[in-house]
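The values are calculated or read from the model by the stated rules, or taken from the named source; none is laboratory data. This structure is a prediction, so every number in the text was calculated from the model and none was measured. Cβ placement follows ideal geometry from the backbone for every residue including glycine, while neighbour counts extend to all protein chains displayed. Accessible surface is based on the protein model in full, side chains and every heavy atom, while ligands, DNA and RNA are left aside. Shrake-Rupley method; radii C 1.70, N 1.55, O 1.52, S 1.80 Å.
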Amino acid sequence: MNAQRSDDEAVIARAWRGVGHLTLNRPRAINALDLGMIRILSAALDRWEHDSDVDLVLLDGAGDRGFCAGGDVRALYDFVVQGRTDEAHTFFREEYALNHRIATYPKPIVAIADGVTMGGGIGLAGHARIRIVTERSQLAMPETRIGFTPDVGGSWLLGRAPGRLGEYLGLTGATMDAADALYAGFADHLVPVAHLSALHEALEYRADPSSPTELVLLFDESPERSNLETWRPWIDDAFSADDLDGILHRLRQRWEPEAHATADLLEASAPTAVSVTLEAVRRARALPSLRAALAQEYGLVMWFATTQPDLAEGIRAQLVDKDRSPSWSPAHRFDLPPGRVAEAFAHEPEPALW
């Protein structure tokens, strides 16, 4: 076995029997992703791309709480409040390059999104060639909860979800279970936790010409009906409205209690974040590639990080002071300046992403 580890073992990289195995190893932080981890992951993929002894890459997380809870939001908070713009640029550029690398990697990448997989975790698992969830998976793009917008290619995935699920998931930050993730296109297979060890072994001892997908199918199970599928009628009806006002109006007109709860949530959300996210998902739907979606997201996240107080305020309320009482600016959608969304999409950060 060839094992290469970081000093604090935040990522464990080893190659054995044709499998390059990458394990995020910060279980106390639910494997939250920092810049050092991004660089270790990228270096391993570079190393294994032309290694004839590595046929596929397996990506998972240590511990039983989750694959990856997201990016290091506390570090982002420090970048923002301390004006360390260059460090924010560096983090996002390297993270997005890794997201794109995973999506275009010439060897199969099998990602196991067991447990909590959110934000930056979606950026890793959501673009892999073979995406596995388990019965305890919880997937989400929850950025609007901190006055931010989905990134790491999340808008690309949201824009390609069935019907108007992309708008719903992006604006609300709703959590998907395994059935939801499969239905929404964020995952490909459900493999029970009890079978993961056997799957690992099968990938290592696979018999030619079995492909990774064929092996995964040996352990794949059919999920129960997705709540998202059940809710499609009211989600598609409401979230096809032209703007946030229209969405809220249609939600209030529905009889389903879930629709009214969604309206309440959106009313309490950051007006800037949800308005920009609505436009981002719809624009991503028309973009030609993940690369283009990442470039759009990069402009938006740097606009939020350098011009909008909501991002620091949202992180403060959720993760720093933990009072869960953010003061959004503006506080109400009626006070949102008419050109605010257009301003976000016009932002051109320097240096550029690509």
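Worth pointing out:
- Those trypsin sites (Lys or Arg not before Pro) in the stretch 187-277 that DSSP places in a loop and that have at most 12 other beta carbons within 10 Å: Arg225
- Here the Karplus curve 6.51 cos²θ - 1.76 cosθ + 1.60, taken at θ = phi - 60°, turns the phi angles of the stretch 311-318 into couplings of 5, 4, 5, x, 5, 4, 5, 8 Hz, with x standing for Gly and Pro.
- Backbone geometry of the stretch 17-24 corresponds, through the Karplus equation with coefficients 6.51, -1.76 and 1.60 at θ = phi - 60°, to 3J(HN,Hα) couplings of 6, x, 10, x, 10, 10, 10, 5 Hz, x marking Gly and Pro.
- Qualifying trypsin sites (Lys or Arg not before Pro) in the stretch 1-94, where qualification requires a DSSP coil assignment and no more than 16 other C-beta atoms within 10 Å, comprise Arg17, Arg84.
- Per residue, in Å², the accessible surface of the chain once ligands and nucleic acids are set aside, probe 1.4 Å: 42 Å²
- The stretch 87-160: GluC sites (Glu not before Pro) in DSSP loop, at most 16 other beta carbons within 10 Å: Glu135
- The stretch 62-206 pair-distance distribution - Cα-Cα, 5 Å bins, rounded %: 2, 10, 18, 22, 20, 14, 8, 4, 2, 0, 0
- Debye, to nearest 20: dipole size of the chain, +1 on Lys, Arg Cβ, -1 on Asp, Glu Cβ: 140 debye
- DSSP-defined beta bridges in the chain - what % are antiparallel, rounded to 5: 35 percent
- Computed from point charges on the beta carbon alone (+1 for Lys and Arg, -1 for Asp and Glu), the dipole magnitude for the stretch 253-354 about its Cα centre is near 280 Debye.
- Which of Tyr183, Ser240, Ala13, positive extreme of dipole for the chain (C-beta unit charges): Ser240
- Mean Kyte hydropathy of 0.0 or more with a Cα span along the axis of at least 15 Å, helices from DSSP in the chain: 35-49, 271-285, 290-307
- Applied to the stretch 148-158, the Karplus parametrisation 6.51 cos²θ - 1.76 cosθ + 1.60 on θ = phi - 60° returns per-residue 3J(HN,Hα) values of 10, 9, x, 9, 6, x, x, 5, 5, 5, 4 Hz, with x for Gly and Pro.
- Comparing Asn31, Asn227, Asn99 in a Gaussian network model of the chain (Cα springs below 10 Å), the most mobile by mean-square fluctuation is Asn227.
- GNM remark for the chain: springs join alpha carbons under 10 Å apart, and the peak mean-square fluctuation among Ile109, Ile146, Ile247 falls on Ile247.
- Dmax and Rg, reported as Rg then Dmax, of the chain (C-alpha, Å): 20.0, 62
- Distance from the Cα centroid of the stretch 21-93 to that of the stretch 251-293 is 27 Å (rounded to whole angstrom).
- Other-chain or far-sequence residues with amide H under 5 Å of Glu135's (modelled H): Val193
- Accessible surface of the chain, 1.4 Å probe, proportion on carbon and sulfur as whole %: 49 percent
- Over the Cα atoms of the stretch 191-349, the radius of gyration divided by the Kirkwood radius equals 1.10; this is the Rg/Rh ratio.
- FRET efficiency, Val320 to Trp354 (Cβ-Cβ, R0 22 Å, nearest 0.05): 0.10
- Residues whose placed amide H lies under 5 Å from that of Leu56, excluding near-sequence neighbours: Gly20
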